[in-house]
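Derivation of every value follows stated rules applied to the coordinates shown; laboratory data play no part. Computed from a predicted model, the values in this text were never measured in an experiment. Glycine also receives a Cβ, built like all others from the backbone with ideal geometry; neighbour counts cover every protein chain displayed.
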Amino acid sequence: MPASVVLGAQWGDEGKGKAIDQLANESNWAVRFQGGNNAGHTIVLGDTTLKLHQIPSGVTSPHCNLVLGDGMVVDPWVLEEELDRWHSLTEERPEGKRLFISERASVILPFHRMYDSADKVVGTTGRGIGPAYRDRIERVGIRFVDIPFVIGDSDKIDETVSRMNMQLDSVGVNQKVERKDFVADLEWIMDRFGEAIRPTGAMIDKALKNGENVLLEGAQGAMLDIDQGTYPFVTSSVTSRANATHGAGIHPGHVNNCFGISKAYTTRVGNGPFPTELPYDTGPGNHMAMVGHEFGTTTGRPRRTGWLDMVSLKDSHRLNGYTGIVLTKLDVLGGLDELKICTGYDLDGQIIDYMPTSSHDLARCRPIYERHSGFPALEEQEWIEMAELSRSDRKGFEVLPESALSYVRRIEELSGIPIVSIGIGPDRRASIASLGGPFDIDPEVTTF
Ligand code: GDP
Ligand code: IMO
Ligand code: MG
């Protein structure tokens with residue numbers, strides 16, 4: 001049986017957590033394949049809101065196995081907090097039973113967080129992601145499988161501690177790593193998570209051969225990809241489909257679906273060019289920020305807001321070959337008189353339909369817009385009722401107000417990608433699926 005990939009099609013925070021939660025009921029595995037706790041994936045189930053940073057969003061389905069995959073960098077202390085929160089909510093302790101950490105995943109140490117605090121350019125999440133990946137690329141990092149060997153190798157410990165302190169000093173961070181703390185940290189990780197550390201690639205491969213369904217859960221988004229995004233204002237991993245299987249330790253031939261999650265507008269947290277950005281304090285940009293509660297799930301920073309950018313969505317499709325788009329937060333646009341979609345850029349008087357490679361050039365691009373009529377604002381409950389009507393009467397997207405539907409159809413037309421689900425609220429029930437499509441699932445199925 002196949003694997004499906006769920007990816008952010010923009011600059012992150014598109015609503016990947018909600019999409020994974022919806023699909024997980026029909027899946028046996030949910031696997032994170034890159035990134036770390038820079039991710040913040042939100043799932044809203046009635047009165048309960050889960051904010052997950054490393055635990056895959058399939059956790060809500062009790063039969064779904066969870067993997068922190070090969071391509072990840074994992075902060076064990078944050079994972080412990082997340083697992084404690086999950087335990088207090090459900091009394092379940094999934095680690096070692098249905099939650100596994102890849103032997104190949106890299107450990108985020110306190111050193112990596114300290115080093116990341118020196119960032120002045122990118123506006124990182126400060127979670128140590130870049131420094132942990134840098135160590136991996138330099139081949140001096142510690143993977144989970146390496147921990148017992150490092151604990152037993154006094155020279156390696158000395159060398160690592162001295163390297164870390166030299167690096168902190170070089171960027172003016174006034175903190176030091178103590179040898180005894182470093183060793184104690186590694187011992188704690190083995191005590192706490194030893195049972196969960198497994199050869200997860202082989203486990204997922206076996207599951208696929210046994211006919212099980214696997215979900216590959218992306219973090220961040222296409223425009224934050226280290227190779228293909230708006231460099232240097234990107235994250236430190238390959239966020240794209242090409243890395244979904246690689247970072248999970250399986251081959252690309254297993255994938256039959258790749259869902260791109262895109263907001264009906266655009267947001268971005270952190271620094272870097274954003275051609276369709278709107279003023280934050282006034283007008284539609286402020287409307288998106290306030291109605292959409294656009295504050296980062298991980299850092300709480302305000303998210304910058306702007307119109308939907310078809311140029312970047314098409315570039316993201318070029319990379320990832322989406323088989324379907326999940327269009328989220330359409331409800332947020334309700335109440336705006338006019339909606340705009342950016343269909344091209346003006347770069348120094350030349351019209352282009354792709355994102356220039358250089359961030360300097362991208363920053364000079366002026367968006368070219370087409371205009372659409374707005375649609376009325378509704379209360380959260382009214383949107384949920386609309387979604388329920390869509391399911392009960394088998395109406396699909398036809399329940400949407402006319403101008404909302406024509407906005408959606410135009411996005412399909414411009415992107416050339418079928419829209420398979422439309423988000424009209426944060427709650428799991430507040431989605432409308434295309435009839436017979438992969439998201440045409442009963443959202444009331446009991447989970448935890
Ligand atoms: P992720 O990182 O891609 O999983 O997205 P985040 O969880 O960081 O951010 C998405 C935010 O939008 C969360 O607060 C979700 O609860 C919320 N959300 C997701 N889909 C919808 C939707 O269709 N409408 C509204 N209003 N909120 C949504
Ligand atoms: P999810 O999975 C939005 C951004 C940061 C910063 C840049 C680099 O929730 O969509 P990093 O800490 O990764 O080195 O920061 O990337 N960023 C995200 N923005 N959503 C995310 O994750 C992000 N993860 C990182 O704001 O601009
Ligand atoms: Mg997020």
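Key figures for this structure:
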read-out	value
Net dipole in debye of the range 339-448 [+1 Lys, Arg Cβ; -1 Asp, Glu Cβ; about Cα centre; nearest 20]	260
Two-site FRET efficiency, T357 against W77, from Cβ-Cβ distance with R₀ of 56 Å, rounded to 0.05	0.90
The range 28-91: trypsin sites (Lys or Arg not before Pro) falling in loop per DSSP and having at most 16 other Cβ within 10 Å	none
From the C-alpha gyration tensor of the range 1-122, square roots of 5λ in Å	23, 17, 15
Antiparallel DSSP beta bridges within the chain, as percent of all bridges there, nearest 5	40
Ordering of 354-360, 95-101 by packing [mean C-beta count within 10 Å, highest first]	95-101, 354-360
For the range 376-427, the spread of Cα positions along each principal axis, largest first, Å	31, 23, 20
Alpha-carbon spread of the chain, three principal axes, descending order, Å	69, 51, 39
Within the range 1-110: Cβ-based charge dipole about Cα centre, in debye rounded to nearest 20 (Lys, Arg +1; Asp, Glu -1)	220
Percent breakdown of C-alpha pair distances by 10 Å bin, ordered from the shortest bin, for the range 106-195	16, 51, 28, 5
Order by protection proxy (mean Cβ within 10 Å, highest first), peptides 364-374, 381-391, 17-27	17-27, 381-391, 364-374
Positive dipole terminus of the chain, leading residue within S106, T357, V326 (C-beta point charges)	T357
About the Cα centre, charge dipole magnitude for the chain (Lys/Arg +1, Asp/Glu -1 at Cβ), debye	700
Spatially proximal lysines relative to K263 (Cα-Cα < 24 Å; intrachain offsets below 8 disregarded)	K16, K18, K51, K314, K329, K340, K395
Rg and Dmax [Cα atoms of the range 188-270; Å; Rg one decimal, Dmax integer]	15.9, 45
Nitroxide proxy distance, nm - points 7 Å out along Cα→Cβ at N286 and K180	5.6
Residue-span extension gain [E382 to S88] - 0.36 nm each, minus C-alpha spacing	102.7 nm
